[in-house]
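The values are calculated or read from the model by the stated rules, or taken from the named source; none is laboratory data. Source: prediction; values computed, not measured. With ideal geometry, Cβ positions are generated from the backbone for all residues, glycine too; neighbour counts draw on all protein chains shown. Side chains included, ligands, DNA and RNA excluded: accessible areas come from the protein's heavy atoms. Shrake-Rupley method; radii C 1.70, N 1.55, O 1.52, S 1.80 Å.
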Amino acid sequence: MSSNQPKIPNIVRAFLVDLDGVLYMGKNPIPGVRECLQRVSELGYGYRFVSNSTRRCRSSVSERLQDLGYSVPTKHIYTPPLAAIEKMKRSGKERCFLLTTGDVHRDFEDADISICEEDVDYVVIGDAGNSFTFDRLNQALRLILDGAEILALEKDRYWMEPQGLVLSTGPFVAALEYATGKKAELMGKPSRQFFQLALSDLGIRPEDAAMIGDDILTDVLGAQEMGMQGILVKTGKYQEEIAKSTGVKPDMVLESLADLAEHL
């Protein structure tokens, strides 16, 4: 039981929190999580939401959370497109081929990034779902072989839908890496640069934060390698056999994020 676990270390001043599988599953908010977040805030802890969601733009993510009963300022949500946009702006190269689905393209358009089908600087790959067609992947292949760099918004292996686990972006990124001989640069979790966007906004060091998620590699191990605490929740994509097989030891395991308040 989570109640037998130790308290959160005193040094922890803030939490980075995953979204899908942690705040909600499908169209259903996870019971008790909203009340727990209110308690976390009342106790003076800061928090930001860091998600590898690449099907929705930042404002759409915020709107969905509102629909699920969570009051979350859009500026407190961090998704991989923000990191990709920052990198492109720093490089001065702002033409990309976007292999995604949904409305995530709005983040790039709002930042005046040119989304093109040819003569691009970057091939940006997110969770394209049914848009991972042979033609689109082949177009990405040709652009990369012509000199474009690969930006992987995330490299998760799979994620949880109501009907079960489904392929995420990672397998398709791996296919393009293999075919082109080029290595993709990761924009989302567990990239240190991505975590740092949220930590910098909070004004804290990695050792002063804990990451809470349902992916033992992307969330827990990624956080631990950066110096954060890694807290695993048994909701979302969590599977006990897979978690054990990784050899990763979370700093804490909770049945749900709703249990966090018991350990503060």
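Numbers at a glance
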quantity: Within the range 151-167, considering residues that are surrounded by 21 or more Cβ atoms within 10 Å (Cβ to Cβ) and not charged (D, E, K, R), the one farthest from residue 25 (Cα to Cα); calculated: 151
quantity: Number of positions in the range 185-205 that are open to solvent by less than 40 Å² (accessible area, probe 1.4 Å), farther than 15 Å from residue 47 by Cβ and not aliphatic (A, V, I, L, M); calculated: 4
quantity: Considering residues of the range 23-60 that are farther than 18 Å from residue 129 by Cβ and open to solvent by less than 10 Å² (accessible area, probe 1.4 Å) only, the residue nearest to the chain's Cα centre (by Cα); calculated: 50
quantity: Residue among 86, 94, 63 that alone is open to solvent by 60 Å² or more (accessible area, probe 1.4 Å), free of Cβ contacts under 8 Å to residues at least 60 places away in the same chain and among the acidic types (Asp, Glu); calculated: 63
quantity: Test for residue 229: is it farther than 23 Å from residue 87 by Cβ, under 16 Å from the mean Cα position of the chain (by Cα), open to solvent by 20 Å² or more (accessible area, probe 1.4 Å) and polar (S, T, N, Q); calculated: no
quantity: Every pair of residues 6+ apart whose Cβ atoms lie under 6 Å, when the first sits in the range 112-126 and is open to solvent by 20 Å² or more (accessible area, probe 1.4 Å) while the second is of a type in the set (Lys, Arg) and not in a strand (DSSP E or B); calculated: 121/93
quantity: Test: residue in the range 148-161 that is more than 27 Å from residue 63 (Cβ to Cβ), part of a strand (DSSP E or B) and among the aromatic types (Phe, Trp, Tyr); calculated: no
quantity: Failed item in (1) free of Cβ contacts under 8 Å to residues at least 60 places away in the same chain; (2) out of contact with any strand residue (DSSP E or B) (no Cβ under 7 Å at 6 or more places or on another chain), with residue 161 passing the rest; calculated: (1)
quantity: Residues of the range 73-83 classified as open to solvent by 10 Å² or more (accessible area, probe 1.4 Å) and either among the polar types (S, T, N, Q) or assigned to a loop (DSSP other than H, G, I, E, B) (or both), total; calculated: 2
quantity: Candidate set from the range 234-254 (those that are more than 19 Å from residue 25 (Cα to Cα) and not in a helix (DSSP H, G or I)); member that is least open to solvent (accessible area, probe 1.4 Å); calculated: 252
